[in-house]
Amino acid sequence: MTALASTQLLFIDTNVWLYALITGQDPTKAQKARALVARNNTIIVSTQVINEVCVNLIKREHFTAAQTRDVINDFYAVYSVVELRQSMFVAATTLREQFTLSYWDSLIVASALAGGASVLYSEDMHNGLLVDQRLTIMNPFT
């Protein structure tokens, strides 16, 4: 990972959150993900990411309703949350076509752009891709 100015907004994709939150996975990736998440004053997430994280924690870690509520409340208390809007869904269709992204990934990119992020950390997308001259997709594990 490259050093980032503390004022940069970072968007973290679901897969990175899961490495940070679920124990027993790849220890190197978990350590890198936790270090990235520790920069909590510069992170934004979308409601899509919160949904995906919760679904995975329920399914893989058997989170209770109370634990899931805590995760949701923590996301909203600690990070800036981008709520999905019609304009983002429409932008996602253009991004999907332009960059050959999956629908879900294009919605993540649209959310990161709408939230003002300059870096989107994801293990699943095109590492190094510059979108709209203002958002760089980076794999934090390379």
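So the values come out like this:
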{"quantity": "Subset of the range 132-142 (residues that are in contact (Cβ under 8 Å) with a residue 60 or more places away in the chain, in contact with a Leu (Cβ under 8 Å, 6 or more places away or on another chain) and in a loop (DSSP other than H, G, I, E, B))", "calculated": "P140"}
{"quantity": "Test result for F11, surrounded by 15 or more Cβ atoms within 10 Å (Cβ to Cβ), part of a loop (DSSP other than H, G, I, E, B) and modelled with pLDDT of 95 or more", "calculated": "no"}
{"quantity": "Matching residues in the range 95-131 - criterion: being assigned to a helix (DSSP H, G or I), small (G, A, S) and under 10 Å from the mean Cα position of the chain (by Cα)", "calculated": "S111, A112"}
{"quantity": "Condition check for D70: closer than 24 Å to A35 by Cβ, of a type in the set (D, E) and either in a helix (DSSP H, G or I) or modelled with pLDDT of 95 or more (or both)", "calculated": "yes"}
{"quantity": "Qualifying residue in the range 71-88 (condition: touching a residue at least 60 places away in the same chain (Cβ under 8 Å), closer than 19 Å to L9 by Cβ and surrounded by fewer than 19 Cβ atoms within 10 Å (Cβ to Cβ))", "calculated": "yes"}
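The values are calculated or read from the model by the stated rules, or taken from the named source; none is laboratory data. As the structure is a computational prediction, the values presented were derived from the model and not from experiment. Virtual Cβ from ideal backbone geometry, glycine too; neighbours counted across all protein chains shown.
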